[in-house]
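Data block below; observations after.
The values are calculated or read from the model by the stated rules, or taken from the named source; none is laboratory data. Because the structure is a prediction, the values reported are computed rather than measured. Every residue, glycine as well, gets a Cβ built from its backbone with ideal geometry; the counts of neighbours run over all protein chains shown.
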């Protein structure tokens with residue numbers, strides 16, 4: 001039976017300190033072969049006037065031709081039985097191809113798209129492009145269904161806000177249709193594209209030398225993400241002990257982002273969260289989520305069950321997930337060293353990157369270099385060397401004349417994509433001295449311990465046999 005799986009990053013947590021709890025499913029077997037398509041895609045191509053601009057500095061290839069190249073490369077890498085739809089959009093959306101097998105399109109796709117070209121004027125209606133694409137996939141029997149959006153600018157027709165455009169993407173994800181977004185050039189609104197990539201990823205192609213190689217790399221990644229899906233969707237139902245407040249919910253694999261998940265009061269008095277799983281790959285290709293929790297301001301000298309997780313999967317591997325329980329061996333003044341030391345570093349990098357992005361939004365592009373220098377120092381001071389490296393690459397791009405918008409978009413898209421697997425993030429260090437629990441609050445005499453237990457409240461939430469010591473004030 002497939003079950004939830006919980007990993008706490010350390011055995012003993014520190015009084016009032018934050019720590020990380022990872023949640024995923026146990027490995028799923030590949031779904032049995034189907035008579036129909038394994039995956040269905042609708043590709044929405046921005047055909048607004050700016051897509052005719054050069055895709056590479058001092059180059060002749062337009063953004064439109066580069067997007068067409070990406071679609072051709074994607075189709076080349078997909079299995080012949082997968083299904084493809086194509087939508088071109090400017091101020092309105094126009095279906096060009098509806099539910100055709102990959103095998104039929106491989107030799108004709110460039111001819112189909114060759115008849116299209118960006119008009120000399122017009123708007124950018126991402127809302128209609130998304131709604132049209134989702135309708136085209138609504139009745140597909142494929143277990144993996146994805147919309148891939150290519151756009152180079154801000155929407156200026158229909159709904160234009162990130163919140164408003166994310167709403168249909170979120171509704172589609174509830175029906176296991178996920179959205180990948182690709183920004184083209186310096187004018188792409190990567191923050192908006194990140195908001196739209198519900199259950200999917202976000203990439204960016206800068207207008208610089210090497211853009212063709214970059215778009216080929218993105219196409220290969222998109223082809224991989226749509227394949228080998230063991231379950232098209234599901235949810236994790238998580239309950240957290242009421243004395244360990246939830247400070248944040250994150251996804252680390254396959255994308256890296258902080259999630260907006262509501263925390264409600266559970267039936268047992270704890271904190272209840274429902275986390276959408278998205279598509280679940282076979283084997284070790286499960287998505288990985290992490291909770292940032294805060295320990296209580298008191299010493300606890302006993303094992304505490306802090307997180308329970310169940311849930312469900314849909315599709316041929318569907319059904320209820322077996323329950324998992326995550327525990328700590330106690331709460332002490334001196335916490336144990338984390339065995340899963342990369343979890344807190346990863347979520348710290350996500351939060352740090354979000355702060356730097358807000359700073360860039362408030363800064364004139366001519367001063368981006370100042371922000372990136374400060375960002376490098378901040379990331380290095382926090383031990384986030386990989387994040388510091390992305391800012392160093394951004395600073396180098398500015399020095400070589402790359403457009404500030406391109407630099408910013410490329411860095412944000414790069415940081416949003418996981419570069420490792422869940423298994424590597426969950427590789428544990430050797431377990432350390434469990435005696436920290438006994439030593440956590442300092443030794444006490446039997447008489448002192450008996451007196452403290454007599455004075456403890458029986459309804460304090462830890463149970464009748466709890467051994468806690470308040471460290472507040």
| said: Among the residues that make up segment 334-343, is at least one of them part of a helix (DSSP H, G or I), in contact with a helix residue (DSSP H, G or I) (Cβ under 8 Å, 6 or more places away or on another chain) and buried (at least 20 other Cβ atoms within 10 Å of the Cβ)? | reply: yes
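Restricting to segment 392-424, count the residues that are in a loop (DSSP other than H, G, I, E, B), in contact (Cβ under 8 Å) with a residue 60 or more places away in the chain and touching a helix residue (DSSP H, G or I) at 6+ places or on another chain (Cβ under 9 Å).
5
Inside segment 286-303, can you point out the residues that are surrounded by fewer than 22 Cβ atoms within 10 Å (Cβ to Cβ) and touching a residue at least 60 places away in the same chain (Cβ under 8 Å)?
292, 294, 297, 298, 299, 301, 302 - these are the residues of segment 286-303 that are surrounded by fewer than 22 Cβ atoms within 10 Å (Cβ to Cβ) and touching a residue at least 60 places away in the same chain (Cβ under 8 Å).
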| How about segment 310-331: which of its residues are in a strand (DSSP E or B) and in contact with a helix residue (DSSP H, G or I) (Cβ under 6 Å, 6 or more places away or on another chain)? | 330
| Could you say whether any residue in segment 152-171 is in contact with a strand residue (DSSP E or B) (Cβ under 7 Å, 6 or more places away or on another chain), surrounded by 20 or more Cβ atoms within 10 Å (Cβ to Cβ), free of Cβ contacts under 8 Å to residues at least 60 places away in the same chain and under 22 Å from residue 90 (Cβ atoms)? | yes
| What are the residues in segment 49-69 that are out of contact with any strand residue (DSSP E or B) (no Cβ under 7 Å at 6 or more places or on another chain) and surrounded by 24 or more Cβ atoms within 10 Å (Cβ to Cβ), if any? | 64
| message | Anything in segment 173-225 that is in contact with a helix residue (DSSP H, G or I) (Cβ under 9 Å, 6 or more places away or on another chain), assigned to a loop (DSSP other than H, G, I, E, B) and more than 20 Å from residue 65 (Cβ to Cβ)? List them, or say none. | response | 175, 189, 197, 198, 199, 200, 201
| task | Go through segment 247-270 and count every residue that is under 17 Å from the mean Cα position of the chain (by Cα), assigned to a loop (DSSP other than H, G, I, E, B) and either over 19 Å from residue 202 (Cα atoms) or in contact (Cβ under 8 Å) with a residue 40 or more places away in the chain (or both). | result | 4
| said: Based on this model, can you work out whether residue 16 counts as out of contact with any helix residue (DSSP H, G or I) (no Cβ under 6 Å at 6 or more places or on another chain), surrounded by fewer than 23 Cβ atoms within 10 Å (Cβ to Cβ), at pLDDT 90 or above and outside any strand (DSSP E or B)? | reply: yes
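Quick one: which residue in 22, 44, 30 is under 22 Å from residue 221 (Cβ atoms) and either at pLDDT 95 or above or in a strand (DSSP E or B) (or both)?
44
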| request: Could you please let me know if residue 221 is surrounded by fewer than 22 Cβ atoms within 10 Å (Cβ to Cβ) and either assigned by TED's automatic domain parsing to the domain that holds residue 264 or modelled with pLDDT of 85 or more (or both)? | output: yes
| field | Failed criterion for residue 386 (all others in (1) part of a helix (DSSP H, G or I); (2) at pLDDT 95 or above hold) | value | (2)
| query | Residues of segment 352-393 being within 23 Å of the chain's Cα centre (by Cα), under 19 Å from residue 194 (Cβ atoms) and surrounded by fewer than 18 Cβ atoms within 10 Å (Cβ to Cβ), which ones? | reply | 354, 355, 358, 359, 361, 386, 393
